[in-house]
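J.: Quick one: structure below, then a few questions.
What follows draws every value from the coordinates through simple rules; no lab data is involved. Please read all numbers here as calculations on a predicted model, not as lab measurements. Because the Cβ atoms are built from the backbone with ideal geometry, glycine has one as well, and the counts that use them run over all protein chains shown.
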Amino acid sequence: MTSGNDAIPFWKAKSLDEMSTREWESLCDGCARCCLNKLEDWDTGDIVWTDVACTLLDGHTCRCRDYENRAATVPDCIQLTPEEVRSLTWLPPTCAYRLVRDGIDLYWWHPLVSGDPDTVHQAGISVRDRTVPEDGMALEDYEHHVVDWPGQEPSGQ
């Protein structure tokens, strides 16, 4: 018999498809990297990241200002599902959904591991205070905001 402390965490014991809604939602570490606008090369399909944030993203808290109704304001907002996680090529390398999909454990700073929702910010993983708003920005100006850091793993992790 194992004690509660010896229990295998749900993200190690379950596939993405087996998770409850509560477990699924708790996998999001709150980094908000997925809420950054990305540009796709029409010829190659390559994706590049920008520091241009979705109109609904609070750039300090790294939370959606209207999560429940986001699709009404941002019709191309992607609702992550197990199917989407399996098919999306641009999920950040630190994304818990991607890590679980690939059989990799969560990082120490993930709130489910640390027990603290601020560790994702303390570790420098989140987009906190590193974005510019998309509101009023012309699409052709996004290319002036291309950045590498959202698609990179942090050093020393």
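J.: Take residue 8, project a point 7 Å from its Cα along the Cβ direction, then tell me which residues of segment 88-122 have their backbone nitrogen under 14 Å from it.
T.: Answer for segment 88-122: 103-105.
J.: Looking at the chain as a GNM with Cα springs under 10 Å, which of 145, 121, 110 has the largest mean-square fluctuation?
T.: Largest GNM mean-square fluctuation: 145.
J.: I would also like to ask the following. I'd like to compare 28-39, 65-76: which one has the highest average count of other Cβ atoms within 10 Å, and what's the full order after that? Numbers along the way, then the final one.
T.: Numbers: 28-39: 21.1, 65-76: 11.2.
With the highest mean Cβ count within 10 Å placed first, the list reads 28-39, 65-76.
J.: Looking at segment 19-149 only, what percent of DSSP beta bridges run antiparallel? Nearest 5 please. Provide the component values of the computation, followed by the final result.
T.: On the way: 8 of 10 bridges.
Beta bridges within segment 19-149, antiparallel portion: roughly 80 percent.
J.: If you plug each phi of segment 107-117 into the Karplus form 6.51 cos²θ - 1.76 cosθ + 1.60 with θ = phi - 60°, what whole-Hz ³J(HN,Hα) values come out, in order, with x for Gly and Pro?
T.: Ordered by residue, 3J(HN,Hα) equals 6, 4, 7, 5, x, 5, 8, 7, x, 9, x Hz.
J.: Choose one of 95, 82, 112: the residue whose Cα lies farthest towards the positive end of the charge dipole of segment 19-149 (beta-carbon charges +1 Lys, Arg; -1 Asp, Glu; about the Cα centre).
T.: 112
J.: Could you estimate the translational diffusion coefficient of segment 19-149 from the Stokes-Einstein equation, with Rh from the Kirkwood formula over C-alpha pairs, at 20 °C and 1.002 mPa s, in whole µm²/s? Provide the component values of the computation, followed by the final result.
T.: Values: Rh = 15.6 Å.
So the translational diffusion coefficient is about 137 µm²/s.
J.: For a protection proxy built on the mean count of beta-carbon atoms within 10 angstrom, sort 138-144, 77-83 highest first, please.
T.: 77-83, 138-144
J.: Could you identify which residue out of 88, 27, 106 has the top mean-square fluctuation in a GNM of the chain using Cα springs shorter than 10 Å?
T.: Comparing 88, 27, 106 in the GNM, the peak value goes to 88.
J.: Sticking with this one: If you count, for each residue, the other Cβ atoms within 10 Å and average over each peptide, how do 57-63, 16-22, 148-154 line up from highest to lowest?
T.: Details: 57-63: 17.0, 16-22: 12.0, 148-154: 14.3.
Highest-to-lowest ranking by the protection proxy: 57-63, 148-154, 16-22.
J.: Along the positive direction of the dipole of the chain (beta-carbon charges: Lys, Arg +1; Asp, Glu -1; about the Cα centre), which of 26, 127, 61 reaches farthest?
T.: 26
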